[in-house]
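First the structure, in the form of structure tokens, and then the observations on it.
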Ligand SMILES: Cc1cc2nc3c(=O)[nH]c(=O)nc-3n(C[C@H](O)[C@H](O)[C@H](O)COP(=O)(O)OP(=O)(O)OC[C@H]3O[C@@H](n4cnc5c(N)ncnc54)[C@H](O)[C@@H]3O)c2cc1C
């Protein structure tokens with residue numbers, strides 16, 4: 001069995017390592033040149049994602065690429081503390097981490113390459129077709145590759161998805177855009193490794209201080225219409241810094257001070273989410289990670305879901321013929337994904353609330369947190385563990 005993996009972001013290398021563990025060879029085809037991992041953006045990798053990486057003996061390398069962030073605390077802009085979140089660490093003590101996206105990519109690539117997984121860079125998939133009982137990937141450079149299964153791990157704008165689900169859902173803007181940065185030289189009493197989330201009056205602000213004092217932060221600004229990148233880039237950085245200061249200074253939090261302490265210069269992103277298509281596979285092609293279901297940044301789960309997908313798919317392909325493995329994989333994953341998406345939608349609604357809906361949010365949030373929050377509220381998410389050795393059964397019927 002040979003697998004063609006399209007995309008070498010998070011899901012791609014994780015799938016290659018998981019398939020190798022299942023005794024299946026694969027090649028990764030990545031559109032970008034080697035080392036073009038992107039810069040800047042930071043992210044959190046939660047314990048469930050690290051647990052999935054532990055199945056591949058890759059969780060320590062990834063954790064070491066970032067810094068531990070075992071605790072999250074939520075606040076309202078008026079200074080009220082809403083609650084906290086302390087997911088249980090893995091048995092070896094590994095906790096959730098913060099890291100740069102580029103470092104996550106590099107750690108996963110490094111691991112896959114060290115295990116002999118071939119990666120072909122500069123190979124952009126443009127077309128997929130079946131040829132007899134095999135599947136063919138065609139690339140923009142005119143070349144092709146033939147395999148037994150094709151795994152679309154090609155992200156939010158997946159070319160594989162155009163083949164698998166041409167009429168399926170498209171990524172939708174979630175009502176917030178944002179940027180992130182790094183501040184130095186601040187005296188905060190936020191505690192190292194505690195991620196603070198401030199649902200402010202005019203914007204959402206997240207920040208965490210590393211042990212060396214550097215503060216990693218991001219901001220989410222509500223906007224009913226999705227701003228175009230050129231529109232955001234047209235506003236000079238110093239002007240943006242003043243605007244952000246105006247959005248954040250109204251809150252009881254160090255947010256405005258943190259932004260002022262950061263040299264201006266911003267990479268902007270707009271948050272998107274996309275529910276999974278009805279069917280995640282077609283013939284011998286299957287979708288994983290963002291290609292299957294874009295999970296908005298507000299969930300803090302996109303990368304974790306990508307790794308979990310990869311590990312479950314490998315189990316299915318190990319235990320079942322392709323025609324049964326792909327539906328079994330979807331069955332194992334779709335319920336959990338729906339739940340993660342529902343949670344992210346709720347957070348996005350809270351983050352994008354303005355005017356009277358923001359006032360209502362601030363009135364209801366503490367009540368809801370008291371009722372539905374608590375230490376076990378998210379254990380279904382963070383404590384999820386994949387038993388790689390257990391056999392996958394084919395779907396009935
Ligand atoms: C601002 C922001 C913050 C985020 N924060 C978090 C967070 O805190 N926690 C979290 O878990 N997730 C977070 N995410 C989400 C997370 O980054 C994604 O869910 C994750 O990267 C998905 O991995 P993937 O491998 O499916 O897709 P990607 O990482 O997008 O990788 C897809 C790869 O496919 C390649 N590719 C694309 N098209 C082709 C083609 N036609 N042929 C060949 N290769 C192709 C791309 O170059 C890329 O390398 C965040 C996302 C954003 C935008």
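The values are calculated or read from the model by the stated rules, or taken from the named source; none is laboratory data. Please read these numbers as outputs of a predicted model, since none were measured by experiment. Methodologically, a virtual Cβ is constructed for each residue, glycine included, from the backbone with ideal geometry; neighbour enumeration extends over all protein chains shown.
Once the stretch 20-39 is narrowed to residues that are modelled with pLDDT of 95 or more and in a loop (DSSP other than H, G, I, E, B), the residue that is nearest to the chain's Cα centre (by Cα) is 31. In the stretch 74-99, the qualifying residues are those that are part of a strand (DSSP E or B) and more than 16 Å from the ligand (Cβ to nearest atom), and the one that is nearest to the chain's Cα centre (by Cα) is 84.
Restricting attention to the stretch 367-383, the residues that are more than 14 Å from residue 84 (Cα to Cα) and exposed (fewer than 14 other Cβ atoms within 10 Å of the Cβ) add up to 3. If you check 195, 163 for being touching a strand residue (DSSP E or B) at 6+ places or on another chain (Cβ under 7 Å) and in a strand (DSSP E or B), only one passes: 195. Exactly one residue out of 159, 153, 140 is within 10 Å of the ligand (Cβ to nearest atom) and surrounded by fewer than 16 Cβ atoms within 10 Å (Cβ to Cβ): that is 140. With respect to the conditions (1) modelled with pLDDT under 95; (2) within 23 Å of residue 22 (Cα to Cα); (3) crowded, with 17+ Cβ neighbours inside 10 Å, residue 135 falls short on a single one, namely (1). Here's a check for you: in the stretch 100-127, which residue that is assigned to a strand (DSSP E or B) and near the ligand (Cβ under 9 Å from one of its atoms) is farthest from residue 302 (Cα to Cα)? Across the stretch 100-127, the extreme among qualifying residues is 126.
Out of 116, 122, 77, 93, one residue alone is closer than 28 Å to residue 53 by Cα, surrounded by 14 or more Cβ atoms within 10 Å (Cβ to Cβ) and modelled with pLDDT of 95 or more. It is 122. When the stretch 40-71 is limited to residues that are in a loop (DSSP other than H, G, I, E, B) and within 12 Å of the ligand (Cβ to nearest atom), the one that is nearest to the chain's Cα centre (by Cα) turns out to be 46. A count restricted to the stretch 284-305 and to residues that are in contact with a helix residue (DSSP H, G or I) (Cβ under 6 Å, 6 or more places away or on another chain), within 13 Å of residue 336 (Cβ to Cβ) and not in a loop (DSSP other than H, G, I, E, B) stands at 2.
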